[in-house]
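Read through the structure below, which is laid out as structure tokens, and then see the notes.
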Amino acid sequence: MPALGGETLSLQPWRDLFAVPGILRSALLSLCTGLAATLISVILVILIVATFQGTRGFRRVERVLSPLLSVPHAAAAFGLAFLIAPSGWLSRLLSPWLTGWNAPPDLLIIHDTWGLTLIGGLVIKEVPFLLLMTIAALPQADASRTLAAAMTLGYGRVSGWCRTVLPRVYPQIRLPVYAVLAFSMSTVEVALILGPTTPATLAVRVTGWMRDPDLTLWFQAAAGAALQLALVLFAFLLWRFGETVIARLALMRIMAGHRGRSDWFPRAIALVSALAVSGAVFAGLVVLGIWSFAGFWRFPDALPQAFSLKTWMRSGDTLLSLVATGMGIAVASVVVALILVLYQLQQTTRLDGSPDRGQGMWLVYLPLILPQISFLLGLQILSVISGLDGTHFGVFVCHLMFVLPYVYLSLSDPWKALNPRLSTVAATLGSGPWRIFWRVRLPLMLTPILTAAAVGLAVSLGLYLPTLLIGAGRVTTLTTEAVALTAGGDRRLIGVYGLLQAILPFIGFGMALAVPRLVWRNRRAMEARQ
Amino acid sequence: MTSGGDLEFRDLTLTRDGQRLLALSVTVAPGETLSIMGPSGSGKSTLLAMATGTISPEFDTSGRIILGGRDITALPPQDRQVGILFQDDVLFPHLSVRGNLAFGLHPSVKGRKARMAAVDEALAGVGLAGFADRDPATLSGGQRARVALMRVLLSQPKALLLDEPFSKLDAGLRDQIRNLVFDHARAAGLPVVLVTHDPEDAKAAGGRVITVGG
């Protein structure tokens, strides 16, 4: 980078990086909070699925937790902050009758030094994600018959599930688990809202350097981004090692035949955590909503003295333009992603309907399992060189990269599940491959396509770091502006931004549910598919 | 193995969406085999799921199930001591043959050596000595059926349920496995309930036959 005076290769950026005060603590914080959040999420998901699989309650758990998936990380984090802060809703509900507090207590709950609140904020978002991934993997693991076989051999529900279903489900959710690990270790928005500040986690500090007017900090930022990548790879190795050790130990326990028949304790944890996770996100959104309409609101009152539309009116014009920008970029990237993925699927499907093995498709997943900060720095520099930084097109290209893997994930399984004989019949009736695509496969895929679109929309609307870095402050969305409000601490405004941010993706999922019902209202076999 | 006592279905009914699928009241003595015949969809497999406690929630049931004088109707599956063989063997594909049998072997057999010996003895008993470390996926259908049988017997059940376990076997093999299962069940003194749509199965079982549905 000659423009910045860096004309030779040197270790100077690394020396600068390690000279930054508290950098090792930042790195350690990233590693530990990320591992802890992932471990807790995985354990809770295992307990929840083991406890509820095949019961009446299972559909209910699924229905309660799946909408949480579309809530952006930032909105969920704000909601949690508004719930558990010293002046938050929980403290208000319990004061003064239980706690005796007449003023908010002087406790460091948000931004706590150990990152415990950060871990909590990550867990409430990752549990719904991993849960739905696990549920999707159950049929392939022949879960219900396997669990029944284990239980008739005398095993308790949870211990039987962990010994027989888990070993078959886990390989299928490994990719999402590693994605959660990478995200948790390198998240910027959640760490900004909930995480420690003295020092902050590594990704937050690197982002700060990249946004600094002093461009020479970019060298140090690049070294930091590389360190982040190394940390994530190290965590992957650690996790992989843990998997192996646990598998070994588990096999020894299986050989010993311990039944674990009394499992009320893990089942109680599963029930409580499912309620706590959904409760935290929903209640958080409710408090965001209350704050956005709040007039004067004194501490320990549970509700404001008056409600007003003032905050909404005050920011109306700004909100409109932010929503327009965000939706424009989201819709564009989703449409292009759908076209690319469907084209790829169609091209790799042979005439008999059997899918080709998608070669090199793992490349698509890279943005999911690498820390965003590590490759966004490179992309930012590329965008500056190509003049795309700060343009809508640049941000759109970057969003497409993140939307694509989710759209591919949501579409490839339903596509492969299409009955191949339908295509065969269509072909023998004289249809060419593209006629089969338009007239048979595409209509049958309506529901998965809409779901994939809703997922892609939610992903794009929630993207913080890519928008921030490639947008360079000139392309702003609800998400970047909401996170930027953290510093100011205007709760009413945060309420407005957070609530709106959470509502937009819901609309997408609502349409994904409603449209197929309307279109297929006279097609019973299509209804059954949903 | 302990002889468990009678398996009694007392005034059982099975209903789905308000439609009565079957009603049954019968007692099976230790060593006896009761065959229940009926077309698919008649609820005969669901009856077994009711006995194992793994029935899916869309069914409504009433009546009591008593095993060896103990009312097991409300017990969770793991506490019922009711073993079952399914149409497919449901061997766990992530465990070796030894792992599958050790999984089933009752926890009262303690110590690594004793447990391994029990597994080896069981394998030898069905002509599969030396198969312990094999991957179940490499076994033939008949071999898998024998492993599944030994897995359930090693768990020391007090009753054995058979959910069309012979229907997927080749005709030549079917007789052989059928005799093996009935011989072992009789030797263990277990009350056996067989669900099938094959009259040959019921004939080989040699006990009472009840026809449901259709």
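A short reminder: the numbers here are calculations on the coordinates, not readings from a lab. Owing to the predicted nature of the structure, the values given are computational and were not obtained by experimental measurement. Positions of Cβ are backbone-derived with ideal geometry, glycine not excepted, and every protein chain shown enters the neighbour counts.
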Towards the positive end of the charge dipole of the protein assembly as shown, with charges on Cβ (+1 Lys, Arg; -1 Asp, Glu), say which of B:Ala187, A:Leu28, A:Thr134 has the farthest Cα.
-> B:Ala187
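For n ≥ 4 DSSP H runs only, could you compute -39500 (n - 2.57) per run for the protein assembly as shown, divide by its residues and tell me the 222 nm figure to the nearest 500?
-19500 deg cm²/dmol
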Name the residue, out of B:Pro77, B:Pro199, B:Pro136, whose mean-square fluctuation peaks in a Gaussian network model built on chain B with Cα pairs under 10 Å.
-> B:Pro199
Sites B:Met116 and B:Gln87 - FRET efficiency at Förster radius 35 Å, r taken between beta-carbons, to 0.05 | 0.70
Spatial separation of Cα centroids for the stretch A:309-324 and the stretch B:61-83, in angstrom = 63
Averaged across the residues of A:268-275, what count of C-beta atoms belonging to other chains lies within 10 Å of each residue's C-beta?
-> 0
Positive-end residue of A:Val475, A:Thr348, A:Val336, charge dipole of the stretch A:309-530 with Cβ unit charges | A:Thr348
Rounded to whole Hz and in sequence order, give me ³J(HN,Hα) for the stretch A:450-465 from the Karplus expression 6.51 cos²θ - 1.76 cosθ + 1.60, θ = phi - 60°, writing x for Gly and Pro.
-> 5, 5, 4, 4, 5, 4, x, 4, 4, 4, 4, 4, x, 5, 9, 4
Indicate the gyration tensor shape class of the stretch A:309-530 (rounded, prolate or oblate), computed on the Cα atoms with a ≥ b ≥ c the square roots of the eigenvalues: a/c under 1.5 is rounded; otherwise a/b larger than b/c is prolate and the rest oblate.
-> oblate
Residue-ordered couplings for the stretch A:105-120, obtained by feeding phi - 60° into the Karplus form 6.51 cos²θ - 1.76 cosθ + 1.60 and rounding to whole Hz (Gly and Pro as x), are x, 8, 10, 8, 9, 6, 6, 4, 4, 8, x, 5, 5, 4, 4, x
Length-normalised contact order of the stretch A:309-530, Cα under 8 Å, at least 6 apart, in percent, tallies to 29
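In nm, what is the difference between 0.36 nm times the number of residues separating A:Ala484 and A:Leu320 and their Cα-Cα distance?
Using 0.36 nm per residue and subtracting the Cα-Cα distance, I get 57.3 nm.
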Roughly how crowded by other chains is peptide A:141-151, in terms of the mean Cβ count from those chains within 10 Å of each of its Cβ atoms?
-> 6
Non-local amide H neighbours of B:Ile36 (under 5 Å, H modeled in plane, Pro and chain starts lacking H): which ones?
-> B:Leu194, B:Val195, B:Thr196, B:Ile210
Packing rank of B:51-57, A:490-496, where each peptide gets the mean count of other beta carbons within 10 Å, highest leading | A:490-496, B:51-57
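Taking square-rooted eigenvalues a ≥ b ≥ c of the alpha carbon gyration tensor, is chain A rounded, prolate or oblate, where a/c under 1.5 means rounded and, failing that, a/b exceeding b/c means prolate? All intermediate terms of the calculation are to be shown ahead of the outcome.
Values: a/c = 1.34, a/b = 1.17, b/c = 1.15.
Rounded, because the longest to shortest axis ratio a/c is under 1.5.
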Other chains near B:109-118: what is the mean number of their Cβ atoms within 10 Å of each residue's Cβ?
-> 1
Could you size up the charge dipole of chain B around its Cα centre, putting +1 on the beta carbon of Lys and Arg and -1 on that of Asp and Glu, and report it in debye to the nearest 20?
-> 560
Estimate the FRET efficiency between B:Arg208 and A:Arg517 by the formula 1/(1 + (r/R0)^6), using the beta-carbon distance for r and 60 Å for R0, to the nearest 0.05.
-> 0.75
Distance in nm between pseudo-label sites at A:Val425 and A:Val331 (7 Å out along the Cβ direction from Cα) = 3.7
Once label points are set 7 Å from the Cα along Cα→Cβ at both A:Val286 and A:Thr198, what is their separation, rounded to one decimal in nm?
-> 3.6
Interchain or long-range residues, amide H under 5 Å from B:Ala159's placed H = B:Gly83
Rounded to the nearest 0.05, FRET efficiency between A:Arg211 and A:Asp106 (Cβ-Cβ, R0 45 Å) equals 0.90
Net dipole in debye of the protein assembly as shown [+1 Lys, Arg Cβ; -1 Asp, Glu Cβ; about Cα centre; nearest 20] | 920
For A:Phe296 and A:Thr55, compute 0.36 nm times the residue count separating them, minus their Cα-Cα distance, and round to one decimal in nm.
-> 82.1 nm
Indicate the gyration tensor shape class of the stretch A:141-213 (rounded, prolate or oblate), computed on the Cα atoms with a ≥ b ≥ c the square roots of the eigenvalues: a/c under 1.5 is rounded; otherwise a/b larger than b/c is prolate and the rest oblate.
-> prolate
